[in-house]
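The next block holds one structure in the form of structure tokens; read it before the comments.
The values are calculated or read from the model by the stated rules, or taken from the named source; none is laboratory data. Being a predicted model, the structure only gives us computed values, none of them experimental. Cβ coordinates were reconstructed from backbone atoms using ideal geometry, including for glycine residues, and neighbour counts include every protein chain displayed. Heavy atoms of the whole protein, side chains included, go into the accessibility calculation; ligands, DNA and RNA do not. Shrake-Rupley method; radii C 1.70, N 1.55, O 1.52, S 1.80 Å.
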Amino acid sequence: MSTDTIEVKSGLEGVVAFASEIAEPDKDGGALRYRGVDIEDLVGQVPYEKVWGLLVDGSFDPGLPPAEPHPLTVRSGDPRVDVQSALAMLAPEWGIPPLLDLTDEEARDALARASVLALSFVAQSARGLGKPWVPQADVDQATSIPERFLIRWRGEANPDHVKAIDAYWISAAEHGMNASTFTARVVASTGADPVAALSSAVGALSGPLHGGAPSRVLKMLDEVEARGDADAWVKDALDAGERLMGFGHRVYRAEDPRARVLRRTAKEIGSTRFEVAEALERAALAELRARKPDRVLATNVEFWSAVVLDTAEVPADLFTSMFTCARVAGWSAHILEQKREAKLIRPSAKYVGPGPRSVADVS
Ligand code: ACO
């Protein structure tokens with residue numbers, strides 16, 4: 001075939017690369033279902049550790065094991081770097097062979113242990129290198145994984161903060177095909193060890209175009225609060241050509257279902273920012289509807305996740321690592337699905353460089 005006729009799908013947009021039983025957002029209906037179960041029914045009813053099980057195994061039991069199988073050695077104090085490098089080192093430390101040499105059960109077990117460890121690494125790294133570690137006996141008092149996370153980080157766990165983190169982790173646990181999940185599947189497709197696939201996905205998520213920056217939403221809320229008039233603030237921002245952070249989505253043409261779930265959580269945990277966030281949301285949706293009548297610009301996950309995480313006193317520079325904690329569930333599910341597919345991912349490129357030439361032609 002002549003290369004002239006080959007169409008390049010930049011950014012792989014519109015390319016359907018896999019058939020998956022895990023999840024794919026319902027972009028027109030504004031719903032997100034994990035193996036058929038709506039996240040609205042999961043949040044508040046099923047804890048994160050069981051949702052991990054639903055995504056990975058298709059059932060709530062056994063879910064994630066409660067305790068870390070490994071002593072934690074945090075290295076840099078930067079949670080993103082610590083979790084990526086710690087995961088990369090697990091294969092030699094635990095003697096995990098390549099996926100090609102593992103049964104599905106062995107791979108699943110390694111992913112479960114690595115997932116629990118990833119959360120603990122983030123918590124311990126967030127605590128900071130200078131502080132003494134929380135005694136293991138205190139951590140072991142926890143009755144859920146988010147509670148364990150908070151105790152390891154802060155030495156205590158406020159129940160509203162546990163609820164906030166549980167809701168956020170469940171809503172962000174999986175979102176069909178995206179850059180980090182694709183990365184995890186590419187690495188898994190080579191037969192590499194399963195934690196190498198997890199580690200690579202953490203690297204992909206670290207980019208601001210994927211891991212997001214809900215901290216920009218907090219800045220907006222501060223400005224609206226200081227101004228005391230959400231309508232006027234929104235009009236001025238749009239007149240100045242700014243984009244409103246936390247609105248619009250590449251995939252959804254309806255409200256992002258995660259925004260809906262997290263708005264409910266923000267209200268339930270009594271977020272002090274709830275009122276101003278709701279006023280801003282109302283003003284923004286009305287103004288965007290008036291200015292862009294042909295386009296559905298609704299609230300996206302970043303808007304309400306910023307409010308929920310802020311209420312749980314998670315600093316903005318930890319938001320991407322909190323996303324990692326959530327997404328280890330989806331990545332693990334996709335790594336196993338890819339293992340079963342047993343097909344090396346190897347796309348092609350259209351060559352558009354110089355034609356054949358000699359060594360002497362290269363200066
Ligand atoms: N505020 C104001 N106008 C907007 C917004 C917004 N948040 N989002 C889109 N628009 C406008 C654009 O200016 C554009 O107008 P034009 O046609 O007059 O140029 C039109 O709507 C279409 O914009 P696109 O960028 O083509 O829309 P797309 O769906 O590709 O973009 C995106 C999605 C990038 C999320 C966009 O809505 C945006 O920039 N939002 C703000 C940033 C944000 O919230 N990011 C987090 C997304 S959630 C996540 O990634 C996990």
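Structure summary
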{"quantity": "Qualifying residue in segment 224-236 (condition: at pLDDT below 95, among the basic types (Lys, Arg) and within 16 Å of the ligand (Cβ to nearest atom))", "calculated": "no"}
{"quantity": "Residues of segment 59-73 classified as touching a residue at least 24 places away in the same chain (Cβ under 8 Å) and farther than 30 Å from Pro132 by Cα, total", "calculated": "0"}
{"quantity": "Residue list for segment 103-115, filter: under 19 Å from Trp52 (Cβ atoms) and surrounded by fewer than 22 Cβ atoms within 10 Å (Cβ to Cβ)", "calculated": "Asp104, Glu105, Glu106, Arg108, Asp109, Arg113"}
{"quantity": "Any chance Ala137 is open to solvent by 20 Å² or more (accessible area, probe 1.4 Å) and either in a helix (DSSP H, G or I) or at pLDDT 95 or above (or both)", "calculated": "yes"}
{"quantity": "From the options Val186, Val195, residue that is out of contact with any Ser or Thr (no Cβ under 9 Å at 6 or more places or on another chain) and either under 27 Å from Met89 (Cβ atoms) or away from the ligand (no atom under 16 Å from the Cβ) (or both)", "calculated": "Val195"}
{"quantity": "Identity of the residue in segment 300-317, near the ligand (Cβ under 8 Å from one of its atoms) and assigned to a helix (DSSP H, G or I), that ends up surrounded by the fewest Cβ atoms within 10 Å (Cβ to Cβ)", "calculated": "Glu302"}
{"quantity": "Any helices (runs of 4 or more DSSP H) falling wholly within segment 184-299 and containing at least 2 residues that are free of Cβ contacts under 8 Å to residues at least 40 places away in the same chain and open to solvent by 10 Å² or more (accessible area, probe 1.4 Å)", "calculated": "194-205, 208-211, 215-227, 230-239, 274-291"}
{"quantity": "Pick from segment 324-363, criterion among the hydroxyl-bearing types (Ser, Thr, Tyr) and open to solvent by 10 Å² or more (accessible area, probe 1.4 Å), ranking: modelled with the highest pLDDT", "calculated": "Ser358"}
